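Asker: Quick one: structure below, then a few questions.
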Amino acid sequence: MKTIDQASFAGKKVLIRVDFNVPLDENFKITDDNRITAALPTIKKILKDGGAIILMSHLGRPKDGPTDKYSLKHVVPHLSDLLGQQVEFANDCIGEEAINKAKELASGEVLLLENLRFYKEEEKGDVEFAKKLAALGNIYVNDAFGTAHRAHASTAIIAQFFPDAKYFGYLMASELENAEKVLNNPTRPFTAIMGGSKVSDKIKLIERLLDKVDNLIIGGGMAYTFAKADGGNIGTSLVETDKLDLATSLQQKAKDKGIKLFLPVDNVVADAFKNEAETKIAKTGQIEDNWMGLDVGPDSVEAFSKVIEESKTILWNGPMGVFEMDNFEKGTKSVAEAIVKATENGAFSLIGGGDSAAAISKFNLTSQVSYVSTGGGALLEYMEGKELPGVKAIND
Ligand code: AMP
């Protein structure tokens, strides 16, 4: 793997694609800086080596060009605090100001460019736009795992302008190494826990995991498609009626391969989709009309926890219920706690980004698992076996 450990940065202008797409509150204060702190090791290493750093990122999904709400200038004060030095800012990612500021940048200094997505060319993967960005530096580093599954100008296309000077940053490298470790070199038993709202989003990953895992736990909204496929009553629970055959065939495949598949045996059901709804416990397949399953029930939690605690490799992607509402967080929280216990006993636990990362953060357990990925979609696609454009561009 071509990482920044193989490059020499002294006296160089280093363009780093980072993922600073952080959530901001109404006063533009960062509410979760994980994505910024995750990029610090790469930034610090290059500064220490005597490089001058030009950071590029996107923020949010601006529709019509520059918008104050999506300006990366809001990130500058906190980034400066974290680095212990003033970070320069260019009000555009290309053009005269960016060119001049990049030119004037001295060794050990940091310049952050304005939001790349203020230009439609970024998401289109426009070569001319990528060329303009590339002209700002003489080494390219990609440390934006969260966008590695996109063939955007700054994540993939730009790499062609640095045939002998393109590298993975430390965050990219550790994301890839951890995903590989779980997929190709798991200590057994290996348990995957899949949840979230839809089975359709995760079919490919589930199918691939059936060739890898010893145990597969399925919870969350997607479990009701399985319950319905088994002929059960699911009330008004979430369901994908066009995926019933798929649910049946996944169950059959698991059986054929000798994989233990754990589905919820009971559920916390509610009479409305809100935290204050009336709730009770219902056995799987026996949910009454007008009731919906919003979390796995206590017997399911017990069964899932036992399997997880006995595992030596754990992959978790997707919550067990509507964890954002406190009354339906228990299943997800219990799974997180079982993963922490297993990790304390020597298991390697990889938590997929997106909602699982948000859940484990809600329960303050982030530091007690082996690795929490910064990529939601990117991790899913990588684990499905797809070649990520941002990774391929460096490897080519
Ligand atoms: P996904 O984006 O597919 O990973 O799904 C994550 C979302 O699924 C979260 O926002 C959860 O609130 C939601 N979810 C989990 N379990 C259920 C459920 N039983 N019913 C409805 N939504 C659910």
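Asker: Work through the residues other than Gly125 whose Cβ is under 14 Å from its Cβ and net out their charges, Lys, Arg +1 and Asp, Glu -1. Don't skip to the end; give the middle numbers.
Answerer: Details: positive: Arg17, Arg117, Lys120, Lys124, Lys131, Lys132, Arg150, Lys392; negative: Glu121, Glu122, Glu123, Asp126, Glu128.
With Lys, Arg at +1 and Asp, Glu at -1, the net is +3.
Asker: In the neighborhood of Ser107, defined by Cβ-to-Cβ distances under 10 Å, what is the net charge if each Lys or Arg adds +1 and each Asp or Glu adds -1? The partial results should precede the final answer.
Answerer: On the way: positive: Lys12, Lys13; negative: Asp49, Glu109.
Summing Lys/Arg as +1 and Asp/Glu as -1 gives 0.
Asker: How would segment 186-383 be classified by its alpha-carbon gyration tensor: rounded, prolate or oblate, with rounded meaning a/c under 1.5 and the a/b versus b/c comparison settling the rest? Spell out each step's value before the answer.
Answerer: On the way: a/c = 1.65, a/b = 1.23, b/c = 1.35.
Because a/c hits 1.5 or more and a/b fails to exceed b/c, segment 186-383 counts as oblate.
Asker: Could you work out the relative contact order of the chain, using alpha carbon pairs under 8 angstrom and six or more residues apart, expressed as a whole percent? Show your work: numbers first, answer last.
Answerer: Values: 870 pairs, mean separation 60.3, N = 396.
For the chain, the relative contact order is 15 percent.
Asker: Roughly how many nanometres apart are two label points built 7 Å out from the Cα toward the Cβ at Gln368 and Ala272?
Answerer: Modelled inter-label distance: 3.4 nm.
Asker: With a 1.4 Å probe and every protein chain left in place, work out the accessible area per residue of segment 1-156 in Å², rounded to a whole number. Please report the intermediate quantities before stating the final value.
Answerer: Values: 6800 Å² over 156 residues.
Per residue, segment 1-156 has an accessible area of 44 Å².
Asker: If ligands, DNA and RNA are left out, what is the accessible area of Glu310 with a 1.4 Å probe, given in Å² to the nearest 10?
Answerer: 110 Å²
Asker: Suppose each label sits 7 Å from its Cα in the direction of the beta carbon; what would the Gln85-Asp245 distance come out to in nanometres?
Answerer: In this crude label model, Gln85 to Asp245 measures out at 6.1 nm.
Asker: Could you work out how much longer the chain between Asn27 and Ala10 gets when fully extended? Use 0.36 nm per residue separation minus the Cα distance between them, nm to one decimal.
Answerer: 2.3 nm
Asker: Using +1 at the Cβ of each Lys and Arg and -1 at the Cβ of each Asp and Glu in the chain, identify which of Ile46, Gln252, Val322 lies farthest towards the dipole's positive end.
Answerer: Value: Ile46.
Asker: Below 12 angstrom from the Cβ of Ile158, what's the summed charge of the other residues (Lys, Arg +1; Asp, Glu -1)?
Answerer: Values: positive: Arg17, Lys131, Lys132, Lys166; negative: Glu121, Glu122, Asp126, Glu128.
Summing Lys/Arg as +1 and Asp/Glu as -1 gives 0.
Asker: Normalising by the residue count of segment 4-173, find the relative contact order in percent from Cα pairs under 8 Å and 6+ residues apart.
Answerer: 28 percent.
Asker: Share of segment 186-383's accessible area from carbon and sulfur, percent, 1.4 Å? Don't skip to the end; give the middle numbers.
Answerer: Numbers: 3830 of 8330 Å².
Of all accessible area on segment 186-383, carbon and sulfur atoms account for 46 percent.
Asker: Right, here's the next one. By the gyration tensor of its Cα atoms, with a ≥ b ≥ c the square roots of the eigenvalues, what is the shape of the chain: rounded for a/c under 1.5, prolate for a/b over b/c, or oblate? Kindly include the intermediate steps, with their values, before the conclusion.
Answerer: Numbers: a/c = 2.24, a/b = 1.93, b/c = 1.16.
Cα axes put the chain in the prolate bin.
Asker: GNM, the chain, Cα, under 10 Å: largest mean-square fluctuation among Thr279, Thr343, Thr191?
Answerer: Comparing Thr279, Thr343, Thr191 in the GNM, the peak value goes to Thr279.
Asker: Hey, another quick one. Could you work out how much longer the chain between Asp230 and Glu207 gets when fully extended? Use 0.36 nm per residue separation minus the Cα distance between them, nm to one decimal.
Answerer: On the way: separation 23, 0.36 × 23 = 8.28 nm, distance 1.89 nm.
Result: 6.4 nm gained on full extension.
Asker: Shifting gears a bit: About the Cα centre of segment 4-173, what is the dipole size in debye to 20, counting +1 per Lys and Arg Cβ and -1 per Asp and Glu Cβ, all else neutral?
Answerer: Working: 21 positive and 24 negative charges, 68 e Å.
With Lys and Arg at +1 and Asp and Glu at -1, about 320 debye.
Asker: Determine the relative contact order of segment 109-157: mean sequence separation of Cα pairs under 8 Å and six or more apart, normalised by residue count, in whole percent. Could you put the intermediate results ahead of the total?
Answerer: Working: 39 pairs, mean separation 21.5, N = 49.
RCO, segment 109-157: 44 percent.
Asker: What is the extension gain from Glu384 to Ser361, computed as 0.36 nm multiplied by their sequence separation minus the C-alpha to C-alpha distance, in nm to one decimal? Please list the in-between numbers first.
Answerer: Details: separation 23, 0.36 × 23 = 8.28 nm, distance 2.49 nm.
Additional length available on full extension: 5.8 nm.
Asker: With a cut-off of 12 Å, note down the residues of segment 289-316 whose backbone N falls inside the zone around a label point 7 Å from the Cα of Lys341 toward its beta carbon.
Answerer: Answer for segment 289-316: 301-311.
Asker: Follow-up. At 222 nm, what helix-only mean residue ellipticity would the chain give, in deg cm²/dmol to the nearest 500, using -39500 (n - 2.57) for each DSSP H run of four or more?
Answerer: -10000 deg cm²/dmol
Asker: Further question: Given H placed on each backbone N at 1.01 Å, which residues far from Val141 in sequence or on other chains put an amide H within less than 5 Å of it?
Answerer: When sequence neighbours closer than 5 places are left aside, the close amide H contacts are Leu15, Ile16, Arg17, Tyr167.
The values are calculated or read from the model by the stated rules, or taken from the named source; none is laboratory data. Everything numeric here is computed off the predicted structure, so don't read it as measured data. Cβ coordinates were reconstructed from backbone atoms using ideal geometry, including for glycine residues, and neighbour counts include every protein chain displayed. Keep in mind that these areas ignore ligands, DNA and RNA; they rest on the heavy atoms of the full protein, side chains included. Shrake-Rupley method; radii C 1.70, N 1.55, O 1.52, S 1.80 Å.
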